[in-house]
Amino acid sequence: MSESEPARGETDPLQAVVLDVDGTLVNSERDGHRVAFNLAFEEAGMPDRWDVDDYGELLAVPGGKRRLNHYFKQQDMPEDEREELSARLHVRKTEIFTEMARAGEIKARPGITELIDELEAAGVRLGVATTGSRTWVDPLLDRLFGLDRFEAIVGGDEVDSPKPDPAAHRLATERLGVPASAAPGIEDSAIGLQAAKAAGLACAVVSNDYTREQDFSTADVVLDGFGLPDSPATVLSDPHGLEPPGRLDVATMRAMAAATAGK
Ligand code: XBP
Ligand code: MG
């Protein structure tokens, strides 16, 4: 029994973890969704193309269909026209991205598979709260990790408002049947962090190329990767003095849950 495990008969402060998908479980935005959007533009005979930087800007708008609508609004496209075009392009983009996921073109972030295995071995239950559509989320999770390892999955198409609204996180903890204080989240973005916090979850942030400059001042711990024995992550913020050992591990998640429970 490691020092972080609860004593016999004591309630484990860490009962579940609620995982984000895009940018957290998978490196999906730059080389996944952006590529699928551009293929949908091309198929529709449109000259539009989103380069890496453009897309980084557009990520400030959560949700693929909303992102398209925002983009066409910036070009003064009339509302009804952009509504129709965004909806049609998003359906095709989702089909293309789902094919990429099934084909294994979307990769898990380094170190996340090891953390998921460790969480499971420690009896910690797994939930997912994402803004992405279940149409591609389920085949992607199944391809990379095995769908049945996740007891509760909430997609953006199952809630009225996307992150930073707390709806997806609330529904995930509800489906898991655990209190928010015992189910910390793991996110990659300020939007995701805000949503987890608004739902009463503690939250670890694992930043990436698109999000590293964002405001993570309310996060309970911030690392620049999940970390692996041969490539440790850098701890960027540790307000509770959790001292992650160069990676985000179960002991750190449990100590974070304990440090924030009741706060
Ligand atoms: C990030 C999002 C998603 C994706 C695109 O989700 O904002 O909308 O960019 O997916 P997460 P859809 O909460 O997992 O970080 O096109 O299906 O919306
Ligand atoms: Mg994300």
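Read-outs: derived from the displayed coordinates by stated rules, not from any lab. Source: prediction; values computed, not measured. Using ideal geometry, Cβ is built from the backbone for each residue, glycine included, and neighbour counts are taken over all protein chains shown.
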Within the set L126, L248, L39, GNM on the chain using Cα springs under 10 Å gives the largest fluctuation to L39
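Out of the DSSP beta bridges found with both residues in the chain, what percent are antiparallel (nearest 5)?
20 percent
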The range 37-80 -> Rg/Rh from Cα coords, Kirkwood Rh, value 0.95
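Assuming 1.567 mPa s and 4 °C, estimate D for the range 1-118 with Stokes-Einstein, Rh taken as the Kirkwood radius over Cα pairs, in µm²/s. Could the numbers behind the result be given before it?
Values: Rh = 16.7 Å.
Diffusion coefficient, whole number: 77 µm²/s.
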Rounded to whole angstroms and listed largest first, the alpha-carbon spread of the range 155-250 along its three principal axes comes to 40, 27, 23
Highest GNM mean-square fluctuation among T11, T218, T252, for the chain with Cα springs under 10 Å, belongs to T11
Partner aspartates and glutamates whose C-alpha sits under 12 Å from that of K73, ignoring same-chain residues fewer than 8 away, are E81, E83
With +1 at each Lys and Arg Cβ and -1 at each Asp and Glu Cβ, the charge dipole magnitude of the range 176-263 around its Cα centre, to the nearest 20 debye, comes out at 380 debye
Counting only residues 5 or more apart in sequence or on a different chain, those whose built amide H sits under 5 Å from that of S237 are V222
Of all C-alpha pairs within the chain, those more than 26 angstrom apart amount in percent to 39 percent
Partner aspartates and glutamates whose C-alpha sits under 13 Å from that of K107, ignoring same-chain residues fewer than 8 away, are D22, E29, D31, D142
Surpassing 21 Å at the alpha-carbon level, of the pairs K65/K197; K163/K197; K93/K197; K65/K163, are K65/K197; K93/K197
Candidate span helices, the chain: DSSP H, at least 30 Å along axis from Cα coords, Kyte-Doolittle average at least 0.0, result none
